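The values are calculated or read from the model by the stated rules, or taken from the named source; none is laboratory data. Since this is a predicted model, take the numbers as computed values, not measurements. Note: ideal-geometry Cβ built from the backbone for every residue, glycine included; neighbour counts use all protein chains shown. These area figures cover heavy atoms from the full protein model, side chains too; ligands, DNA and RNA do not enter into them. Shrake-Rupley method; radii C 1.70, N 1.55, O 1.52, S 1.80 Å.
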Amino acid sequence: LQLVESGGGLVQPGGSLGLSCAASDSTFNYYAVGWFRQAPGKEREGVSCISSKGGNTRYADSVKGRFTISRDSAKNTVYLQVNKLKPEDTGVYYCAIDFTERCDLSRADLYAYWGQGTQVTVSS
């Protein structure tokens, strides 16, 4: 199973991006999926997670009301719509599988099959 993130880029403060996490096969759809980000010199931070069925979502306080996670099982893809971007949202965004279904954003060690990441830069 491989995950590939895409959709990052350079955007001005207040702008939006649509990130995608595409999986190589449909076993992806049996598991919760999380999005994390890492800024230069900082630890990886949990941003959002969605349950295997898509019925439960979780967000970090710093992104609530601005980011929306969703998934499309037919496309083996999880999305992260990021709106009202701030400079502090800058970083490499990664997706990963949560086999535990706990969606614990404070425990990056519970996630596996990390993608290569997509860079999001918020700057004027």
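Below, the figures for the structure above:
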item: Strands (runs of 3 or more DSSP E) wholly inside the range 47-124 that include at least 1 residues being open to solvent by less than 30 Å² (accessible area, probe 1.4 Å); result: 67-72, 77-82, 91-98, 118-122
item: Residue within the range 4-14 that is of a type in the set (S, T, Y), surrounded by fewer than 17 Cβ atoms within 10 Å (Cβ to Cβ) and free of Cβ contacts under 8 Å to residues at least 60 places away in the same chain present; result: no
item: Selection count where residues are crowded, with 16+ Cβ neighbours inside 10 Å and either out of contact with any strand residue (DSSP E or B) (no Cβ under 6 Å at 6 or more places or on another chain) or among the polar types (S, T, N, Q) (or both), scope the range 16-46; result: 3
item: Meets criteria (under 11 Å from V120 (Cβ atoms), of a type in the set (V, I, T) and in contact with a Lys or Arg (Cβ under 9 Å, 6 or more places away or on another chain)) for V82; result: yes
item: Selected residue [under 19 Å from A112 (Cβ atoms), touching a strand residue (DSSP E or B) at 6+ places or on another chain (Cβ under 8 Å) and modelled with pLDDT of 95 or more] from V4, V63; result: V4
item: Which listed residue, of A23, A32, A39, is under 24 Å from S124 (Cα atoms) and either of a type in the set (A, V, I, L, M, F, W, C) or in contact with a helix residue (DSSP H, G or I) (Cβ under 9 Å, 6 or more places away or on another chain) (or both); result: A39
